[in-house]
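> Handing you a structure now.
The values are calculated or read from the model by the stated rules, or taken from the named source; none is laboratory data. What you see is a predicted model, and the numbers here were worked out from it, not measured in a lab. Every residue, glycine as well, gets a Cβ built from its backbone with ideal geometry; the counts of neighbours run over all protein chains shown.
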Amino acid sequence: MKVETVARAQRQAYGRNFPPPFFCFPPSAGPEPIWDGTRMSEPVLRGQLREREPMGRHVSWRAGGVADRAYEPVDLADLRVFLANRAAGEAIYFVGLGSNLLVRDGGLHGTVVFTHWALRGIRIDPGQCEIAVEAGVACPRIARIAAVNGCTGAEFLAGIPGTLGGALALNAGCYGGETWDMVTRVQTIDRQGDLHERTPAEFEIGYRSVTFKADGGRRTAEGIHRSSLIPHPSEEWFIAATLRFLRGDSAAARRRIKELLACRIASQPLSQPNAGSVFRNPPGDHAARLIEACGLKGHVIGGAMISPKHANFIVNVGAARARDIEALIELAQRAVGEKFGIELECEVRIVGEA
Ligand SMILES: Cc1cc2nc3c(=O)[nH]c(=O)nc-3n(C[C@H](O)[C@H](O)[C@H](O)COP(=O)(O)OP(=O)(O)OC[C@H]3O[C@@H](n4cnc5c(N)ncnc54)[C@H](O)[C@@H]3O)c2cc1C
């Protein structure tokens, strides 16, 4: 593709003056909608829109209900057109690899947007140890690319089986690292399809929690369920971020990745469908220790079980329904509350109708 065609496609995809020069993901093939500086010309959708999408296929628990609609955009320009043409009241949920998500059996009213096929650009500036990554890129890929290029600080991402978008939404972390530690700026998209460049200072960032300050925290405060954090359908989602690392030894970073993955294999039930840690660790303690102390390891409800290997994991042992998983969540919360007076908070996101 000619240079000017690439530049035009990028302008159409990202708008004037956006993204900054460092961002230049490869534009997609196929017909581009025309961006005249104010709005897209025609609602030409190039992605796949499906009705009644079984979400069990898209979440790592391999369980759960159906979403009214699901859209798989082909690229950012297509996503912009799609969002710009949504009805005002339509609930929209961005979904990455579904590794921290449960859709209740009664289904999800609204439209799910999958990011991992469309937002796959990644560009490294080895001189600055900076990586610009689109939100659909899987975290382990970021860890690998950083390590290979002699950038250190991303090794912990190797064992997090979600997308960068999910990691940004949840401030995913482990082994002493957290996603937002390395973020210098993010790009978001709103429901009009408009793009925004934001800095970490615009977010309230905590342990597995990220809130956009401009709306006073309403996005995560609304709709808190006793067993989970059900975010109010957000009006702005992550599409990319720039991550900065330290210059270091590539071989050492790759060794570190191997060590961290070995720790996970030894301690987590990775051969069974799960969603990682179900509960946040309460201050100064571990949810797994508390659940195990209540004698709940190996406890089964329907097709779901509290893992005998790691008590903060619930595994699908065969045709689990979302309600089996939720019943175990509530059981663990009740038991830990009664025995220790500690309220376990869900780390996994539970959405949809019971
Ligand atoms: C085996 C296993 C191990 C795990 N280990 C860890 C760990 O060590 N540390 C850790 O923190 N987590 C861990 N997790 C949980 C999970 O992988 C992370 O939370 C991950 O960041 C979720 O990313 P995802 O793409 O799968 O998000 P999803 O599950 O698809 O979505 C999770 C939430 O993020 C929102 N979201 C997704 N994409 C976007 C976006 N682009 N913009 C705005 N919101 C978005 C969704 O709406 C949803 O509310 C583990 C999970 C598994 C299965």
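> The conditions are (1) touching a Ser or Thr at 6+ places or on another chain (Cβ under 6 Å); (2) assigned by TED's automatic domain parsing to the domain that holds R247; (3) touching a residue at least 40 places away in the same chain (Cβ under 8 Å), and C151 fails exactly one of them. Which is it?
Failed condition: (1).
> Same structure, new question: With respect to T163, is the statement that it is within 9 Å of the ligand (Cβ to nearest atom) and over 13 Å from the mean Cα position of the chain (by Cα) true? Walk me through how you get there before you give the answer.
On the way: within 9 Å of the ligand (Cβ to nearest atom): yes; over 13 Å from the mean Cα position of the chain (by Cα): no.
When the stated conditions are applied, T163 does not pass them.
> Taking A214 as the residue in question, decide whether it is out of contact with any Ser or Thr (no Cβ under 6 Å at 6 or more places or on another chain), over 20 Å from A118 (Cβ atoms) and in contact (Cβ under 8 Å) with a residue 12 or more places away in the chain.
In short, yes.
> Checking G352 against (1) within 13 Å of the ligand (Cβ to nearest atom); (2) buried (at least 19 other Cβ atoms within 10 Å of the Cβ); (3) at negative phi: exactly one of these is not met. Which one?
The single condition G352 does not satisfy is (3).
> A follow-up question, please. Given the conditions (1) in contact with a strand residue (DSSP E or B) (Cβ under 9 Å, 6 or more places away or on another chain); (2) more than 16 Å from A240 (Cβ to Cβ); (3) surrounded by fewer than 17 Cβ atoms within 10 Å (Cβ to Cβ), report the number of the one that D190 does not fulfil.
(2)
> Could you check how many residues of region 84-104 are of a type outside the set (D, E, K, R), more than 15 Å from the ligand (Cβ to nearest atom) and assigned to a loop (DSSP other than H, G, I, E, B)? Walk me through how you get there before you give the answer.
Start the filter on region 84-104 by keeping residues that are of a type outside the set (D, E, K, R), which leaves 84-85, 87-89, 91-103.
Checking the rest, the ones that are also more than 15 Å from the ligand (Cβ to nearest atom) come to 84-85, 87-89.
Next, only the ones that are assigned to a loop (DSSP other than H, G, I, E, B) stay: 85, 87-89.
Total meeting the criteria: 4.
> Just one of (1) away from the ligand (no atom under 16 Å from the Cβ); (2) within 29 Å of E155 (Cα to Cα); (3) part of a loop (DSSP other than H, G, I, E, B) trips up K297, so point out which.
(2)
> Give me a count of the residues in region 184-194 that are more than 13 Å from the ligand (Cβ to nearest atom) and aliphatic (A, V, I, L, M).
From region 184-194, those more than 13 Å from the ligand (Cβ to nearest atom) are 184-185, 192-194; that's our starting set.
Still in the running and aliphatic (A, V, I, L, M): none.
Summing the residues that are more than 13 Å from the ligand (Cβ to nearest atom) and aliphatic (A, V, I, L, M) in region 184-194 gives 0.
> Can you tell me which of (1) touching a helix residue (DSSP H, G or I) at 6+ places or on another chain (Cβ under 8 Å); (2) within 13 Å of the ligand (Cβ to nearest atom); (3) in contact (Cβ under 8 Å) with a residue 60 or more places away in the chain is the one C139 doesn't meet?
With respect to (1) touching a helix residue (DSSP H, G or I) at 6+ places or on another chain (Cβ under 8 Å); (2) within 13 Å of the ligand (Cβ to nearest atom); (3) in contact (Cβ under 8 Å) with a residue 60 or more places away in the chain, C139 is out only on (3).
> Can you name the residue in region 217-254 that is part of a loop (DSSP other than H, G, I, E, B) and at pLDDT 50 or above and is also surrounded by the most Cβ atoms within 10 Å (Cβ to Cβ) among such residues? Steps first, please.
In the first step, residues of region 217-254 are kept if they are part of a loop (DSSP other than H, G, I, E, B); the result is 217, 222-223, 226-227, 230-235, 245, 248-249.
Next, from what is left, pick out any that are at pLDDT 50 or above: 234-235, 245, 248-249.
Numbers: S234: 19, E235: 14, F245: 23, G248: 17, D249: 12.
Step by step, filter region 217-254, then rank; the result is F245.
> Within region 150-160, how many residues turn out to be away from the ligand (no atom under 16 Å from the Cβ) and either of a type in the set (V, I, T) or touching a helix residue (DSSP H, G or I) at 6+ places or on another chain (Cβ under 7 Å) (or both)? Before the answer, list the steps.
Of region 150-160, the ones away from the ligand (no atom under 16 Å from the Cβ) are 150-152.
Still in the running and either of a type in the set (V, I, T) or touching a helix residue (DSSP H, G or I) at 6+ places or on another chain (Cβ under 7 Å) (or both): 150, 152.
Adding up the residues that qualify gives 2.
> Mind listing just one residue for me: the one in region 105-153 that is assigned to a loop (DSSP other than H, G, I, E, B) and farther than 22 Å from V95 by Cα and, of those, nearest to the chain's Cα centre (by Cα)?
Restricting attention to region 105-153, the residues satisfying the condition of being assigned to a loop (DSSP other than H, G, I, E, B) are 105-107, 115-121, 126-129, 135-137, 149-150, 153.
After this cut, where a residue has to be farther than 22 Å from V95 by Cα as well, the list is 126-129, 149-150, 153.
Working: P126: 26, G127: 28, Q128: 26, C129: 23, N149: 24, G150: 26, G153: 19 Å.
So the residue we want is G153.
> Residues being under 27 Å from R321 (Cβ atoms), at pLDDT 95 or above and touching a Pro at 6+ places or on another chain (Cβ under 7 Å): count how many of those fall in region 40-91.
So the answer is 4.
> Tell me, please, whether a residue that is surrounded by fewer than 19 Cβ atoms within 10 Å (Cβ to Cβ), more than 8 Å from the ligand (Cβ to nearest atom), on the phi > 0 side of the Ramachandran plot and not aliphatic (A, V, I, L, M) can be found in region 170-183.
For region 170-183, residues surrounded by fewer than 19 Cβ atoms within 10 Å (Cβ to Cβ), more than 8 Å from the ligand (Cβ to nearest atom), on the phi > 0 side of the Ramachandran plot and not aliphatic (A, V, I, L, M): present.
> Among the residues of region 156-214, what is the count of those that are among the basic types (K, R) and in a strand (DSSP E or B)? Before the answer, list the steps.
Taking region 156-214 and keeping what is among the basic types (K, R), we get 185, 191, 198, 208, 213.
Remaining after also requiring in a strand (DSSP E or B): 185, 198.
Summing the residues that are among the basic types (K, R) and in a strand (DSSP E or B) in region 156-214 gives 2.
> Within region 255-274, identify whether any single residue is within 10 Å of the ligand (Cβ to nearest atom), under 18 Å from A167 (Cβ atoms) and surrounded by 20 or more Cβ atoms within 10 Å (Cβ to Cβ), and answer yes or no.
Yes, because at least one residue in region 255-274 is within 10 Å of the ligand (Cβ to nearest atom), under 18 Å from A167 (Cβ atoms) and surrounded by 20 or more Cβ atoms within 10 Å (Cβ to Cβ).
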